[in-house]
Every structure is written in C-alpha cells, then in structure tokens.
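Peer 1: Could you have a look at this structure, given as structure tokens, before my questions?
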Amino acid sequence: MQFKKINQLSIKELFISQIEEMILSGELKPGEKLPTEREIADEMNISKTIVHEGIRELSRIGFLDVVSRQGVYVADYTSTGNLDTLFAIIRYRGGMPDWKMIHSLLDVRLYLECPAIEILAKNHTEQDIKQLEERLDQMKQAFSESMETFATALFVYRRTIVVLSGNCISPLVMNAFFTSSISAWIEYSEFIGKEEIYQNLEKTTECIRTGDAKTAKNLFQEHIERFRKHIPVQ
C-alpha cells in the first residue's frame, strides 16, 4: 500500500481562500470593484499569474464578476451564485449551515420531495414498494444505533422516494447537501422522535402503495412544518 504525500495549500489556493474570507466577512461588499491584477499582486507579494488564475476561479465559484474592459467586481453571490458558492459559504462557517440556511434547505426538500411523492404514488411497481419497505427495515434496525445512524437511514428512505420517481437530478442535489446538513437531520430526528418518524413513514409507504399522494404529502409536510417552527430564525 502506498500513501500519497500531503502537500500544503498552493499560493493560488491561499489567495482564493483570503478573497473568499474578505467577501464572506463583509470586508469586500457586492458591487465593489477590486484593484487591478497588478496592484493586487504587488500588494500581496505574489505573481500576477496567480492573481489572474485565482480571479478566474473565484468567478467560476460565483464570488466575482469579471467585466470586459471594466474590471473585476464582487458578485451579488446570494442571487447569482451556484452550488460551489453555497459549499464555500458552508466551509467558511466551519462546515455547518446556519439556521437561516436550514430553513431554506427545508424549502428545497419540499420542492424536491412533494412532486416525487405524487409521481411515485401514481406510477409505482411492487418492486418500488419493496425497496421502500427495505428502507423501513433499515430504519427499524437503526433504532438501537446512534442518532446519526438513524438520521442517515431516514435520509436514505427519503432519497429512495426521489430516486424511484425517475428524476435523475434531484437525488444528486439531495446528496450534495447531505454532509453539510447531517446535523439538521439529527436535530430533526431528535425533535420528532424515532418512533413517530418510523410510523409516519410506514403510513407514507402504504399511501404510496394505494396511490394516496395527498395524504402522503401531508404526512411529510406536517413533520417539516413542525420542525420549522422548532428551529430559531436569525
């Protein structure tokens, strides 16, 4: 077995990290124009090439707007950013989304999962129901495990609904947020309780089996809204 060497961050990575921090801390504000690449390079004592490449990467991430013949501006990243922007924000906050972001993630869950429930209730096979029942068994087995294990099993059940609905993008979105939002899934599981969550999903599975999309969606929305009222708004 051969392990790769662990290298220090490159100067370009350090440059990107510093500019990200200046933007996210509010030191650099949306709409603010940056100095020229040469001025930044001279002030930071790094090469102009590194500054140029770093600015290109920060533009790709969503933090900077490069306007031809005009210069480089701090982007309105909360409006025009992308998933890379979001993950950079979460990294800046120590890998944990704040509660305002958790409220937004709950909205995203509703947008993704409610249509999936409706599709699956209308168009499912016995094999689909069998998969959901297998996920329920995994959740039951997780009763005696840690809350993180149970929350992960819950996530897998909910993701399975989305996968079985046939949408190939929504599961990827769910996966992208899972690591950064596991603390919220744990908090949700602790607040609602393992037994109640399990019973809710037993009913959900039966509703999908019988084609009762309305009740299945109501079961999901009721727990989401209860949890929303539980978490603070900052």
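The values are calculated or read from the model by the stated rules, or taken from the named source; none is laboratory data. Predicted model only: the values in this text are computed from it and were never measured. Methodologically, a virtual Cβ is constructed for each residue, glycine included, from the backbone with ideal geometry; neighbour enumeration extends over all protein chains shown. The protein model used for the area step is the full one, side chains on, heavy atoms only, and it has no ligands, DNA or RNA in it. Shrake-Rupley method; radii C 1.70, N 1.55, O 1.52, S 1.80 Å.
Peer 1: Take the Cα pairs of segment 30-113, get the Kirkwood Rh, then feed it into Stokes-Einstein at 10 °C and 1.306 mPa s and tell me D in µm²/s.
Peer 2: Translational D for this selection: 109 µm²/s.
Peer 1: Would you list, by chain and number, the aspartates and glutamates whose Cα falls below 15 Å from the Cα of K214, excluding same-chain residues fewer than 8 positions away?
Peer 2: Straight-distance partners of K214: E113, E118, E206, E222.
Peer 1: In cubic angstrom, how much convex hull volume per residue do the alpha carbon atoms of segment 66-128 span?
Peer 2: 156 Å³
Peer 1: Let me check against my output: what whole-number percent is the relative contact order of the chain, with C-alpha pairs under 8 Å and at least 6 apart?
Peer 2: 18 percent
Peer 1: P30: net charge of surrounding residues, Cβ under 15 Å, Lys/Arg +1, Asp/Glu -1, itself excluded?
Peer 2: -3
Peer 1: Taking amide H positions as placed 1.01 Å from N in the peptide plane, with prolines and chain starts having none, which residues 5 or more places from L64, or on another chain, fall under 5 Å of its amide H?
Peer 2: Sorted by chain and number, the residues that satisfy this are S59, A75.
Peer 1: Roughly what angle does helix 213-230 make with the longest principal axis of the chain, taking Cα atoms, 0 to 90 degrees, to the nearest 10?
Peer 2: Approximately 50 degrees, to the nearest 10.
Peer 1: Expressed as a rounded percentage, what relative contact order does segment 46-119 have, with Cα pairs under 8 Å and six or more residues apart?
Peer 2: Reported relative contact order: 17 percent.
Peer 1: Of the listed peptides 56-62, 161-167, what is their order by residue-averaged count of other C-beta atoms within 10 Å, with the highest listed first?
Peer 2: In decreasing order of mean packing, 56-62, 161-167 become 161-167, 56-62.
Peer 1: Which percent of the accessible heavy-atom area of segment 35-90 goes to carbon and sulfur, probe 1.4 angstrom?
Peer 2: That share works out to 47 percent.
Peer 1: Still on this structure, please answer the following. Could you tell me the calculated FRET efficiency between V66 and Y92, based on Cβ-Cβ distance and R0 = 30 angstrom, to the nearest 0.05?
Peer 2: With R0 = 30 Å, the Cβ-Cβ based efficiency is 0.85.
Peer 1: Placing one identical point scatterer on every Cα of the chain and ignoring solvent, what is log10 I(q)/I(0) from the Debye formula at q = 0.14 Å⁻¹?
Peer 2: -0.92
Peer 1: Treating cross-link reach as a plain straight distance, find the lysines whose alpha-carbon is under 19 Å from the alpha-carbon of K48, omitting any fewer than eight places away in the same chain.
Peer 2: Qualifying lysines at Cα under 19 Å: K12, K33.
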